[in-house]
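Taking it in order: structure first as structure tokens, then the write-up.
Coordinate-derived values only; no laboratory data. Values in this document were obtained by computation on a predicted structure and should not be read as measured data. Because the Cβ atoms are built from the backbone with ideal geometry, glycine has one as well, and the counts that use them run over all protein chains shown.
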Amino acid sequence: MSLRVQLVLLQLVIVLGTVLGTGATAIWLQERQLRDAYLDRMIAVAQSIASLPAIFSAFDDEDPAVTVQPIAELIRDASDVTYVVVANADGIRYSHPNTDLIGKPVSTDPSIPLSGEIYVGTQTGTLGESWRVKVPVFDGGAEDAGSGAVIGQVSVGILESELRSDFVGNVGWLLLALTVAASLGVVASAWLGAVIRRRIFGLEPEEIRGLLETREAMLHGIREGLVAVDQSGRIVLMNDAAARLLDVPDAPTAVGQPISAVLDEQLVRFIASGEKLETLALSGERVLLVHSDRVVVDGREIGSIAILRDRTELEAVLRDLQGAQSLADGLRAQSHEFANKLHVVNGLLELGHIDAAMDFIERAGVGGALSNLDEDSGIADIELSALLLAKRSRAQELGITVSIGTDSHLLTGSAAARSDLLTVVGNVVDNALDACVLGGTISVSVRDDEREGWVHVLVDDDGPGVQPEDRDRIFESGITSKELDRGRDRRGIGLTIVRRVAERLGGSATVSASPLGGARFSVWMTRVQPPAASGTLAVAREGRP
């Protein structure tokens, strides 16, 4: 059975059940109202006759029927009841619609009215089955009611057949209204079923379930993060990959929340801008490649969607490759320089200038730039030493001098999060290299002996420095003074990563004026990474420099 037929049948059952239930209740209420109306009329007629002085006075006449019969018939015609019967205490009739029955005893039990009570009920008499009221007639009329002697009764009734006739006449219109309502309900049910069918694109429940299962499998199976946002800026969809990239504990919990409460400010701005060009953005310490687009359905814009790709590992590999390339270039340059020196020595020896050759060898020293980072630097960590060697080699090609501070002190393994230390030093030194010009100077100091449990990284340069009003903004994502190659490179994320790593490790990252004339970047972080609290970046509350 198709969904449309199921909907129509279900609505038909509801409509017909409601109409029939309402109709039955209305018919029952109509019947009760009709009987109540007749009951009030019969009681009023019976009591008015029983209280007439002419009626109870006629009971002492030689022939009471002469007086009672005309009055009873007049009132019967005026009140539209079937009969009015007046009888004495012995049950002898003084009035009746059939004059042949006057003077004869009544056909039903008169004991209740003769006891002073009012009787209401259905009985079968000479005229047929009727609904009747019997009231007592007291000697002296209504003034003696309850104290005087009962001298007779007044019975007023209407045939059940007349009641049914009146009831059917009134119910006919009600049944017609119910039939029209039921017909309209059937038509509306069929129309509603067709509308619902169109709204769900004519799909059956099994097809909808299949599409939903396929959608869920696709959304949670792809490696790219997917975030859909409606026009009001609230998240309507997030897959598992997006939750992982954005450090959201559970994707369903993010649905319905504003994007500003879940995403970093840079991502919020990018999605809100409607820019379609892929860009690099930060989420925490993760580098993401983000592509955004508007969602249009039937020519109407309903929101936007963002696709997130993780570039963190790729960026790390690119940085390592760049370092290796710099190291290779440095070795190549050193090899070329060493070959030139050998040529000079060879020429001096061929010319017989042995003393001059010896003097030249002494002036040349013991090697190139790659051998200058030794135990005198105070940095015993081999990985950080290798990183600084690569950065020095690159600086040498750029005509920039990189020196290691004589106060540097870092023992092997003193920093538990070694990769974080390499990230911080590498990004800050790269920033200094970009800031310096030919002939510039950079000083690097890494110490673990200033404060127990902390590592302090200090990098000075003689570049243009950072203006005081920009010293907080420079750590924000996307803020940079370098020229952007739009569409290919996005700068302004290195220092943001530095500050976020430092804050995750309970420390801080600041910039100030350097004694060299440029900028001084100071980064503090703990040796051991503190536990994260409730899925957020933990920040030390005590002892933070």
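A cut-off of 5 Å between modelled amide H atoms, ignoring neighbours fewer than 5 places along the same chain, links V295 with I302, G303, S304, I305. Distance between the pseudo-spin-label points of T25 and Q231 (7 Å out from Cα toward the beta carbon): 4.1 nm.
How do F338, F475 line up, fewest other C-beta atoms within 10 Å first?
Going from least to most buried by this count: F338, F475.
Calculate, for E450 and E383, the FRET efficiency according to 1/(1 + (r/R0)^6) with r their C-beta to C-beta distance and R0 35 Å; round to the nearest 0.05.
Details: r = 21 Å, r/R0 = 0.60.
FRET efficiency, E450 to E383: 0.95.
Nearest 0.05, what FRET efficiency do A149 and Q33 give at R0 = 51 Å with Cβ-Cβ as r?
Numbers: r = 38 Å, r/R0 = 0.74.
Between A149 and Q33 the formula returns 0.85.
How long is the gain from E476 to I361 if the chain were fully straight, where each residue apart is worth 0.36 nm and the alpha carbon distance is subtracted?
Working: separation 115, 0.36 × 115 = 41.40 nm, distance 5.08 nm.
So the chain would gain 36.3 nm between E476 and I361.
Applying 1/(1 + (r/R0)^6) with R0 = 41 Å to the Cβ-Cβ distance of N98 and T179 gives a FRET efficiency near 0.45. One decimal place: the segment F338-D247 gains 27.6 nm when fully extended, by the rule 0.36 nm per residue minus the C-alpha distance. Would you tally the net charge around L163, using a Cβ to Cβ cut-off of less than 15 Å, leaving L163 out, and scoring K and R as +1, D and E as -1? Its environment carries a net charge of -3.
For W191, W454, which order do you get if you count the other beta carbons within 10 Å of each Cβ and list the fewest first? Each step should come with its number before you reach the end.
Numbers: W191 11, W454 21.
In increasing order of surrounding Cβ atoms, one gets W191, W454.
Which of rounded, prolate, oblate describes the range 393-468, given a ≥ b ≥ c as roots of the alpha-carbon gyration tensor eigenvalues and a/c under 1.5 marking rounded, otherwise prolate only if a/b is larger than b/c? It is prolate, given that a/c is not under 1.5 and a/b is the larger ratio. Modelled this way, with points 7 Å down the Cα-to-C-beta line, the labels at L9 and E278 are 5.3 nm from one another. Our estimate of slack between E160 and V255, defined as 0.36 nm per intervening residue step minus the Cα-Cα distance, is 27.3 nm. Among D247, D264, D472, the order by Cβ neighbours within 10 angstrom, fewest to most, reads D472, D247, D264.
Using a simple spin-label model with pseudo-atoms 7 Å out from Cα toward Cβ, L212 and E117 lie 6.6 nm apart.
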